[in-house]
Amino acid sequence: MADDTILETRGLTKEFKGFVAVRDVSLRVRRGAIHALIGPNGAGKTTCFNLLTHFLVPTRGQIFFNGREITGSRPATIARMGLVRSFQISAVFPHLTVLENVRIALQRKRGHSFDFWRSSESLSALDARALELIEAVGLSEFARTPAVELPYGRKRALEIATTLALDPEMMLLDEPTAGMAHEDVERISALIRRVAANRTVLMVEHNLSVVSTLSDHITVLARGEILAQGDYAAVSKNPDVVQAYLGAGHA
């Protein structure tokens, strides 16, 4: 595994009772890159993410992170190694404030699952770092707001903050702009660019405008297999990619 490769899969395959959802996917993610995984619905993108973080166990194939094989490792072990899937690992508690949610995530990083029994003075020692993270995702004015009261786009920003609290070396973002209004899409895109400044990001994203703006490298999946790879200019002109999207009713 090359030094500039942080994540690699070899022949990754997942079968469900005769149906092959992911077939022989060999993927290489460069350290420090924003790498997008795209494709029409049913292409196998989410299954791929579930395999990488071992929410699903591969039928065949290997996964390497930082040169170490992680095939068969538990999801929590993989997260502790620095490979964290946002919006799945990072639970947000709806009736706790933004600050309390980020503070709980910091406790998890420290190794205590949930220190509800600890004194408020002890927990407030985490406030400075929590407030830094809240500022980093543009939520300072919402620090005392219960998560349930946040607008949708701000909730996603909170989920990114709780993921950042785990100090991941690599973040997997599963459709970070899904269901968002244009203003929120722009805000989250800018946030992804900021958090990617000192870490690697692999994202599944349907919004091709976001993909074209953010991605250094793109892997296109179709019917569970890699159809094309490259930068946006190359991939968007690939006739097989155009056919896969148009044939599936996507622009």
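Rolling a 1.4 angstrom probe over the protein heavy atoms with all chains in place gives the chain an accessible area of 46 Å² per residue.
Can you tell me which aspartates and glutamates have their Cα less than 17 Å from the Cα of residue 14? Leave out same-chain residues fewer than eight positions away. Excluding near neighbours in sequence, the set is 24, 225.
Angle of helix 152-164 to the longest C-alpha principal axis of the chain, folded into 0 to 90 degrees and rounded to 10: 80°.
Between the Cα long axis of helix 98-110 and the first principal axis of the chain there is an angle of about 80°, rounded to the nearest 10. Here the dipole of the chain is about 600 debye; that uses its Cα centre as origin and unit charges on the Cβ of Lys and Arg (positive) and Asp and Glu (negative).
Between residue 80 and residue 234, the C-beta separation translates, for a Förster distance of 30 Å, into a calculated FRET efficiency of about 0.25. Heavy-atom accessible surface of residue 236, to the nearest 10 Å², is about 50 Å², with a 1.4 Å probe and all protein chains retained. Once each of the chymotrypsin sites (Phe, Trp or Tyr not before Pro) sitting in a DSSP loop with at most 14 other beta-carbon atoms within 10 Å is removed, the chain keeps 118-251 as its longest stretch.
Ranking of 28, 199, 85, 144 by solvent-accessible surface, largest first: 144, 28, 199, 85 (1.4 Å probe, protein heavy atoms only, all chains present). Using only the Cα atoms of the chain, each taken as one equal point scatterer with no solvent, compute I(q) by the Debye sum, divide by I(0), and report log10 of the ratio at q = 0.09, 0.15 Å⁻¹. The Cα Debye sum returns log10 ratios of -0.41, -1.07. For the set 92, 235, solvent exposure ranked by accessible area (probe 1.4 Å, protein chains only) runs largest to smallest as 92, 235. What would the Debye equation give as log₁₀ I(q)/I(0) for region 166-207 at q = 0.20, 0.29, 0.31, 0.33 Å⁻¹, counting only Cα atoms as equal point scatterers? Calculated log10 I(q)/I(0) at the listed q: -0.61, -1.07, -1.15, -1.20. Largest to smallest in accessible area, the residues 205, 159 fall in the order 159, 205 (1.4 Å probe, all protein chains included). Both radii come from the Cα set of region 125-211: Rg as radius of gyration, Rh as Kirkwood radius; their ratio Rg/Rh reads 0.95.
Candidate cross-link partners of residue 17 among the lysines, defined by an alpha-carbon separation under 16 Å and a same-chain spacing of 8 or more, are absent. Taking the DSSP beta bridges with both ends in the chain, the antiparallel portion is around 55 percent.
Measuring nothing but protein heavy atoms, the accessible surface of the chain at 1.4 Å probe radius is 50 percent carbon and sulfur.
Using C-alpha pairs below 8 Å separated by at least 6 residues, the relative contact order for the chain is 27 percent.
The values are calculated or read from the model by the stated rules, or taken from the named source; none is laboratory data. All figures in this text were calculated on a predicted structure; none of them were measured in a lab. Virtual Cβ from ideal backbone geometry, glycine too; neighbours counted across all protein chains shown. The area values use the complete protein model at the heavy-atom level, side chains included, leaving out ligands, DNA and RNA. Shrake-Rupley method; radii C 1.70, N 1.55, O 1.52, S 1.80 Å.
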